[in-house]
Amino acid sequence: MLRAIELSIQSAKTKGGPFGCVIVKDNKIIAEGFNQVTSNNDPTAHAEIVAIRNACKNQKDFFLKGCDLYSTCEPCPMCLSAIYWAHIDNIFYANTRLDAKNIDFDDSFIYSEINKVIENRKIKMHQMHRDEALEALKAAYKKADDKNLPVWKKKFTEIRYDAKTLAEFKAKVGKPIWDEWVAANKDQFDAQAVLDVILNFKYSNIK
């Protein structure tokens with residue numbers, strides 16, 4: 001955290017915002033970032049986003065499991081979303097949202113917008129051409145060897161559909177991904193094997 005604070009002070013004294021961030025894996029800093037919104041004219045260049053980009057580049061992976069993020073301030077909604085997408089394990093922060101608000105870095109409005117139904121948000125959203133856009137999603141789902149797909153989707157085609165393997169898979173990816181996988185592959189495997197896993201009749205101690 002002290003290194004993140006150092007970065008934030010350096011940034012505040014130059015052209016950046018007063019925020020710094022480091023990402024740690026195995027007790028070593030693998031990436032750093034500081035706010036570059038004004039210096040780069042990039043509204044997405046928050047310290048956490050910059051650090052995540054650098055970490056993914058350094059690790060050659062878009063999943064940062066096993067990593068911890070240290071930020072000098074509680075993450076804004078955009079950064080928090082990025083942290084979740086990166087699958088970072090823990091967030092450590094120093095200043096709070098209120099501390100940031102007190103110097104006019106106020107993201108409370110964005111937090112409130114997220115909870116509103118689409119029709120009530122300040123920036124109007126208009127859906128269009130859904131049927132045409134769905135073609136890309138269908139193509140992406142079928143292209144199991146696409147390097148941009150999550151690792152768990154690439155492994156779908158490698159799974160043997162016996163109860164033990166399915167149980168291990170379910171334990172590894174978690175319930176939301178498991179439910180999606182079952183729905184997408186329900187016609188391809190032994191229904192009894194899946195039932196064994198769902199009802200925990202077997203292999204209940206697999207971690």
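With a point put 7 Å past each Cα toward its Cβ, work out how far Lys101 is from Thr14 in nm, to one decimal.
With each label point 7 Å from Cα toward Cβ, the separation is 3.1 nm.
Just list whichever of Lys138/Lys172; Lys57/Lys172; Lys101/Lys175 have alpha carbons separated by over 28 Å in the model shown.
Lys101/Lys175
In vacuum, with every alpha carbon of the range 14-66 counted as one equal point scatterer, what does the Debye formula give for log10 I(q)/I(0) at q = 0.16 Å⁻¹? Two decimals, please.
Scattering profile of the range 14-66, log10 relative to I(0): -0.45.
At 7 Å along the Cα-to-beta-carbon direction for both Arg3 and Phe92, put a label point, then send me their distance in nm to one decimal.
1.1 nm
Which residues' amide hydrogens lie under 5 Å from the amide hydrogen of Tyr93, considering only partners 5 or more residues apart or on another chain, with H built in the peptide plane?
Ser71
Can you find, among Ala86, Leu69, Gly16, the residue sitting farthest towards the positive end of the charge dipole of the range 15-128, where Lys and Arg contribute +1 and Asp and Glu -1 at Cβ?
Ala86
No value in this document is a laboratory result; all are computed from the given coordinates. Worth saying up front: this structure is predicted, and the values here are computed from it rather than measured. Every residue, glycine among them, receives a Cβ derived from its backbone with ideal geometry; neighbour counts consider all protein chains shown.
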